[in-house]
Amino acid sequence: MPFDPPADADSRRAIPPVICYPTDDLPHPDLALYRAARADAVRTGEVLVPPRTAACFTVPAGHFFRITSVQGPQVGDLNLWNASDLTERFYSGKTRALHGTHLTTGQRMWSSFPHLRPMATIVTDTLDWYGKDAFGGSVHDVIGTRCDPYTGNLLSGGQYHHCCHSNLTRALADHLEISLEQAELHVHDVLNVFMCTGFTRDTGQYFMKASPVRPGDYLELFAEIDLLGGLSACPGGDCSSEHSSDTASCHPLLVEIFAPSADALTGWSRPPANGYDRSHGR
Ligand SMILES: [Zn+2]
């Protein structure tokens with residue numbers, strides 16, 4: 001039984017919220033510069049990620065990478081690491097605290113402590129028209145974690161091996177020629193590319209629904225530092241039903257890398273590591 005509400009319950013509930021981290025205070029990316037650099041950039045490579053697997057790719061600082069839906073609706077789970085220091089990796093929780101539950105153009109993927117700097121900036125999102133739907137759903141979330149075999153085992157006792165967590169583990173192990181045990185420790189919470197998610201209004205539960213992505217849609221990012229990326233083509237396909245089995249219809253995802261011309265980024269520099277001195281009061 002819940003406690004009886006106090007006499008001033010309604011007035012307490014009526015207090016308006018305060019944004020925790022006003023983004024006006026964040027360093028803003030120069031999107032006009034990035035787009036001008038992208039205009040004459042040349043494609044330098046591509047990786048096709050088959051369904052229910054993951055692949056790794058590298059993107060030098062100052063280059064672009066594009067994730068494209070091909071063949072059919074498909075969501076992707078994206079991990080990012082500093083290419084020369086895997087302990088610096090995408091920080092989903094802080095990115096969510098800064099930008100909100102879903103990312104779109106102009107927003108950034110921030111890295112873990114003690115670095116806390118932009119790793120990548122979204123320059124184009126062909127699904128930016130979606131906004132928020134009537135259920136509170138939106139696209140490209142940083143609220144889910146990544147589908148994984150541990151939660152699946154907890155809920156249904158199975159041994160499913162092609163969740164995004166395992167796909168990313170195998171891909172990183174192969175890319176770095178390290179063991180699965182070593183690789184697994186580096187896999188982290190993702191940007192859910194193209195996934196449409198939200199929280200239910202009544203119970204606050206995490207929900208997913210069929211992604212609005214269609215072949216040809218893409219998300220393009222600018223690499224602020226040298227990046228190692230891992231992308232899993234989720235076994236959930238468009239995530240309209242389930243995501244820890246082989247029953248969903250799945251499709252590949254295409255990753256392409258683009259290099260701008262030598263002088264296209266004049267005025268831009270790699271973001272420095274965070275300015276906190278790390279003395280922690282001692
Ligand atoms: Zn997944």
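Just so you know, all these numbers are worked out from the coordinates, no wet-lab data involved. Here the structure is a predicted model, which means the values were calculated and not measured. In this analysis, Cβ positions are derived from the backbone assuming ideal geometry, glycine residues included, and neighbour counts consider all displayed protein chains.
Determine the distance separating the Cα centre of region 218-267 from the Cα centre of region 19-97; give it in Å without decimals.
7
Remind me, relative contact order of region 29-259 in percent, using alpha carbon pairs under 8 angstrom and six or more residues apart?
41
Mind giving me the nanometre distance, one decimal, between the label points for Ala7 and Thr266, set 7 Å out from Cα along Cα→Cβ?
7.1
Grab the beta carbon distance between Lys132 and Arg35, set R0 = 22 Å, and tell me the FRET efficiency rounded to 0.05.
Plugging the Cβ-Cβ distance into 1/(1 + (r/R0)^6) gives 0.30.
Sorting Cys250, Cys20 on the 10 Å Cβ count, fewest up front, what's the list?
Cys20, Cys250
Within a Cβ distance under 15 Å of Leu265, other residues only, what is the Lys/Arg minus Asp/Glu net charge?
Charge balance near Leu265 sits at -2.
Considering only the other residues whose Cβ falls under 12 Å of the Cβ of Phe207, what net charge follows from Lys and Arg at +1 and Asp and Glu at -1?
-1
Around Arg170, with a cut-off of 15 angstrom between Cβ atoms, what is the net charge of the other residues, counting Lys and Arg +1 and Asp and Glu -1?
That sum, taken over residues with Cβ under 15 Å, equals -4.
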